[in-house]
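Okay, so here's the structure we're looking at.
The values are calculated or read from the model by the stated rules, or taken from the named source; none is laboratory data. Quick caveat, the model's predicted, so the values are computed rather than measured. All Cβ positions, even for glycine, are placed from backbone atoms using ideal geometry, and neighbour counts span all protein chains on display. To get the accessible areas, we keep the full protein, side chains included, count just its heavy atoms, and leave off ligands, DNA and RNA. Shrake-Rupley method; radii C 1.70, N 1.55, O 1.52, S 1.80 Å.
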Amino acid sequence: MVILRGDISYPWNFLQRPGTDQSLPWLVVGDFNEITYSFEKSGERVRGERQMQDFQSALLDCDLHDLGQDGRWYTWEREKFEAKNIRECLDRAVVNSS
């Protein structure tokens, strides 16, 4: 089991580290601080395509698939005033097919 703490710019990089045994079943749950598609964000500033593609590639390289969610779609929100409100789906659970 790997537990990460602290400020990590790209938290999914640990998934691709050499020597990681991907033949075992994986369940990775938490705040990845990234979205996979633009529809997972509402509000100011569009997320860069490259940033989302890097995250998608990391999940694909590790054969990780999003389990989806039940309940609130957006898992992070800033500002309560509608004009400045930003919402994103940052928390997720992903599993491999092992």
Inset, instruction - Kindly sort Trp76, Trp26 by accessible area of their heavy atoms, largest first, with the probe set to 1.4 Å. - result: Trp76, Trp26
Legend entry - Candidate residues Lys84, Lys41: accessible-area rank, largest first, probe 1.4 Å: Lys84, Lys41
Inset, instruction - Count neighbours as other Cβ atoms within 10 Å of each site's Cβ, and list the GluC sites (Glu not before Pro) in region 36-98 that are DSSP loop with at most 11 such neighbours. - result: Glu44
